[in-house]
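Inspection log for the structure reproduced underneath, given as structure tokens.
The values are calculated or read from the model by the stated rules, or taken from the named source; none is laboratory data. This structure is a prediction, so every number in the text was calculated from the model and none was measured. Cβ placement follows ideal geometry from the backbone for every residue including glycine, while neighbour counts extend to all protein chains displayed. Accessible surface is based on the protein model in full, side chains and every heavy atom, while ligands, DNA and RNA are left aside. Shrake-Rupley method; radii C 1.70, N 1.55, O 1.52, S 1.80 Å.
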Amino acid sequence: MAEFYELVAEQQAARSGPLLRQALSGLQDVPGTVVEIGAGTGRITEIIAESVPGAPILAVEPAPGMRAVLVSRLAADPGLLARVTVATDAAPDLALPERIRAAVVFGVAGHLDTDSRTRLWSRLRERLSPGGVIVVELMGVRGARALPEARQLRAGIGDHVYEWWVSGRAEEAGGMRFASRWTVSDQTGRVLREVRGGYLWHTVGMEELARESRLRVTALGGRTGSGLPEVAVLHRHREGQS
């Protein structure tokens, strides 16, 4: 679905970008690299670069189609081209820099099961600089349940109209199986093309993040289960806290 992802990424940046800027504020004096896990087409990468001026960024994206757009975006901006390193690794076993100023995990956590997430948080925590943060975007869906197909996005490109439809069903293991359908129509509403896909999403909320990461969690944005963008900021516990 890489062909259509830029349309989704634009929507994600508009909804969750302000929360990310808030979470990354005040990190100028924290040493280390900003690690973005699941950089996609680079919309969030741009927000990271604006929020932490001058910081080196490691943008990790294993999908070649997404990465092609990401590299094109970097190539068009000399400032980003000098600061952003692109890696192809997949979580949780990606290569990490020695010191991490911040890690940004947007739209990725639910693609990993509990064991993989726990390993990822542990590896990030080991290299997190004092004062650094891990910023996680969640799906806003806590419990597994049936979701009837609903349109998530409608956009025009030239004479064509693009629509994104999503439905979901509960899996036995407690996750969600999402089905995704894109249609490309002409101005009369005639469907010219339809592309289908899907993925398994392991539902995860703030409590699970705190337990798995052994870090202090601050919630930003929508309440879990509200369907609104939900962002969690993971910090080290204050001295004396467990």
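Quick notes on this one:
- Restricting the range 158-172 to residues that are touching a residue at least 24 places away in the same chain (Cβ under 8 Å) and part of a loop (DSSP other than H, G, I, E, B), the residue that is most open to solvent (accessible area, probe 1.4 Å) is ASP159.
- If you go through the range 124-153 and pick out every residue that is surrounded by fewer than 16 Cβ atoms within 10 Å (Cβ to Cβ) and under 27 Å from THR203 (Cβ atoms), you end up with 10.
- Pairs where the first residue, in the range 103-125, is over 17 Å from SER16 (Cβ atoms) and the second is assigned to a strand (DSSP E or B), C-beta under 7 Å, 6+ apart: LEU124/ILE100; LEU124/ALA103; LEU124/ILE134
- Members of the range 13-51 that are more than 15 Å from the chain's Cα centre (by Cα) and under 21 Å from LEU120 (Cβ atoms): LEU27, VAL30, GLY32, THR33
- Members of the range 178-223 found to be within 20 Å of the chain's Cα centre (by Cα), among the acidic types (Asp, Glu) and open to solvent by 30 Å² or more (accessible area, probe 1.4 Å), listed by number: GLU207, GLU208
- The range 64-113, residues that are under 17 Å from VAL35 (Cα atoms), of a type outside the set (A, V, I, L, M) and within 18 Å of the chain's Cα centre (by Cα): ARG67, THR85, THR88, ASP89, PRO92, ASP93, ARG101, PHE106, GLY107
- Any chance ILE37 is among the aliphatic types (A, V, I, L, M), in contact with a Gly (Cβ under 7 Å, 6 or more places away or on another chain) and under 29 Å from ALA219 (Cβ atoms): no
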